[in-house]
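Here's the structure, in structure tokens; my notes come after.
The values are calculated or read from the model by the stated rules, or taken from the named source; none is laboratory data. It should be emphasised that the depicted structure is a prediction, and the values quoted were computed from it without experimental measurement. Positions of Cβ are generated from backbone atoms using ideal geometry, with glycine treated the same way; all protein chains shown enter the neighbour counts. Keep in mind that these areas ignore ligands, DNA and RNA; they rest on the heavy atoms of the full protein, side chains included. Shrake-Rupley method; radii C 1.70, N 1.55, O 1.52, S 1.80 Å.
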Amino acid sequence: MTKIITIDGPSGSGKGTISQRLANHFGWHFLDSGALYRLLGLAVNRQGIGYDEVARVVEIAETMSVEFVGERVLLEGDDVTDTIRTETAGNNASKVAAIPQVRAALLAWQHDYAKPPGLVADGRDMGSVVFPDAMLKVFLTASAEERAKRRYKQLKEKGLDVNVRELTVEIKERDQRDMNRSVAPLVAAEGALVLDSTSLSIEEVLNLVLQEAGKRL
Ligand code: C5P
């Protein structure tokens with residue numbers, strides 16, 4: 001069976017960086033499930049479809065053409081790597097992600113990433129729904145203020161014009177939507193190692209996860 005580590009948690013908890021570093025460390029595959037929801041949010045937006053038009057949104061989820069080329073992400077052949085990283089794209093992603101039929105449509109796609117020698121899966125429901133039999137499940141969190149500060153730094157580095165107060169409000173709004181939706185809400189999976197990274201560095205979190213993974217490999 002493929003070895004799987006799941007890293008779930010809210011936006012800005014550091015799970016993207018930790019997941020990517022873990023995948024590199026082990027030489028495993030990497031699934032950025034949030035990117036799929038971001039891509040779908042963008043595709044829906046570009047086609048001028050409303051987020052409440054469930055059947056059409058699901059149809060796009062089933063048919064959209066997505067390619068991961070190194071660090072770049074293409075939607076219908078168009079490079080959208082930076083476009084899907086904005087806060088607006090994150091918010092649109094969380095709107096399509098609240099639709100149960102959309103989550104079902106993306107399930108098989110996500111399962112396809114589980115290939116030898118192993119997979120690190122980053123998201124909200126990787127341990128609770130998509131890969132419940134994962135060898136190690138981590139739930140990584142941090143205070144909303146700290147997460148907003150991290151996002152601010154990340155977005156500034158990318159040259160985007162952002163405001164830390166607005167970011168904190170948006171992060172809290174997105175948390176609320178992700179935690180309160182009826183299907184696959186953001187919760188720590190049963191048996192997950194819960195880590196609060198508010199006052200931990202990336203290296204410290206990575207070492208804690210590696211220690212735990214080492215016990216199970
Ligand atoms: O992780 P990221 O910030 O890229 O995710 C964007 C949005 O996609 C999240 O706010 C959440 O609503 C949704 N998502 C999800 N399930 C996942 C990954 C992301 O619902 N496994």
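Atom-type composition of the exposed protein surface of segment 35-124 places 51 percent of the accessible area on carbon and sulfur (1.4 angstrom probe). Each DSSP beta bridge with both residues in the chain is either parallel or antiparallel, and the antiparallel ones are about 25%.
Suppose every K and R has +1 on its Cβ and every D and E has -1 on its Cβ; what is the size of the dipole of segment 3-214 about the Cα centre, in Debye to the nearest 20? List each step's numbers first, then the result.
Numbers: 25 positive and 31 negative charges, 50 e Å.
The dipole of segment 3-214 has a size of about 240 debye.
At full extension, GLU166 and MET1 could sit 55.0 nm farther apart than now, given 0.36 nm per residue minus the alpha carbon distance. Between the alpha-carbon centres of segment 1-35 and segment 122-166 there is a gap of 11 Å. Distances between every pair of Cα atoms in segment 40-181, grouped in 10 Å steps from 0 to the bin holding the largest one, split as 10, 34, 40, 16, 0 percent. Accessible surface area normalised per residue over the chain is 49 Å², counting heavy atoms of protein chains with a 1.4 Å rolling probe. One decimal place: the segment LEU217-ARG177 gains 10.9 nm when fully extended, by the rule 0.36 nm per residue minus the C-alpha distance.
With 27 Å as the limit on Cα-Cα distance, the pairs of LYS156/LYS215; LYS3/LYS158; LYS15/LYS115; LYS95/LYS137 that go past it are LYS156/LYS215; LYS3/LYS158. The gain in end-to-end length when the LEU200 to MET64 segment is fully stretched comes to 45.1 nm, 0.36 nm per residue minus the alpha carbon separation.
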